[in-house]
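Shown next, in structure tokens, is the structure this report addresses.
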Amino acid sequence: MHPFNWQTLTLVVLVVAFGNSSAEPFPPPDALEWHEFEEVHVKIRAPKGWSHQSKSNGDTQAFFVSRDALVEGGEFQSGVSLNVVSFPEDAPQGALSYATSFAVSYPKKFGPGAECGVKEGAPLTLFWCQADLEEGGHTTTALHHLAANSETGKLYIFMFESLRQDWQQSWSTITTMLKSIDIDPSY
């Protein structure tokens, strides 16, 4: 296993979890285990015993890790998801263009308090954005990490979300997960 490296990050994970609001949103960092998304050559440390699910739709592959059983249309609470989008081979810069546009429009879309940043690299450029979202009568804090691979045209979107009142408690686990992301930049 390779340690997380910003220069080799080519995946963006979206975090989505469904479920039981009485359960702890995230376990302590020492209760994580490696989970591999083999189809897209990505590894991440995720909570032990959480449900995993994957889907494909055209040129996008989605992966979910949830505290509870993943159910279509289930209520959103806290968790992790990853979307991997493949841009056409003749337009590998499409991944970078999309991520740049996402970061520019994010603060406008989510308003005051929403923020984004970028760390340029080759072949991967990393974007991060964070905002509080009002959904279904509750406030959720969302942290998006996008990694655009300008050579392969892959865009990785990681989204970590937690109920706002649980964010501080969840942060140590989220940072451990972020630091553990291992992506193969040649994929």
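The values are calculated or read from the model by the stated rules, or taken from the named source; none is laboratory data. Keep in mind it's a predicted model, so treat the numbers as computed, not measured. Glycine also receives a Cβ, built like all others from the backbone with ideal geometry; neighbour counts cover every protein chain displayed.
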Looking at Val65, Val118, which is the one that is part of a strand (DSSP E or B), within 21 Å of Thr139 (Cα to Cα) and either of a type outside the set (Ser, Thr, Tyr) or at pLDDT below 90 (or both)? Val65
Take the residues in the stretch 151-165 that are surrounded by 20 or more Cβ atoms within 10 Å (Cβ to Cβ) and over 20 Å from Thr176 (Cα atoms), then tell me which one is modelled with the lowest pLDDT. Gly153
Of the residues in the stretch 156-173, those that are under 10 Å from the mean Cα position of the chain (by Cα) and either among the polar types (S, T, N, Q) or not in a strand (DSSP E or B) (or both) number 0
Gly73, sole failed condition from (1) in a strand (DSSP E or B); (2) closer than 27 Å to Ser170 by Cα; (3) modelled with pLDDT under 85: (1)
Yes or no: the stretch 17-28 includes at least one residue that is modelled with pLDDT of 65 or more, under 30 Å from Gln165 (Cβ atoms) and in contact with a Pro (Cβ under 7 Å, 6 or more places away or on another chain). yes
Test: residue in the stretch 123-132 that is of a type outside the set (Val, Ile, Thr), in a strand (DSSP E or B), out of contact with any Ser or Thr (no Cβ under 8 Å at 6 or more places or on another chain) and exposed (fewer than 14 other Cβ atoms within 10 Å of the Cβ): no
Just one listed residue, out of Ala148, Ala99, is part of a helix (DSSP H, G or I), at pLDDT 90 or above and under 17 Å from Val40 (Cβ atoms), and it is Ala99
Given the structure, is Val85 farther than 21 Å from Cys129 by Cα, under 15 Å from the mean Cα position of the chain (by Cα) and modelled with pLDDT of 80 or more? no
Residue list for the stretch 159-182, filter: touching a strand residue (DSSP E or B) at 6+ places or on another chain (Cβ under 8 Å) and of a type in the set (Val, Ile, Thr): Thr173, Ile174, Thr176, Ile181
With respect to Ala46, is the statement that it is among the small types (Gly, Ala, Ser), over 25 Å from Leu124 (Cβ atoms) and either modelled with pLDDT of 50 or more or within 15 Å of the chain's Cα centre (by Cα) (or both) true? no
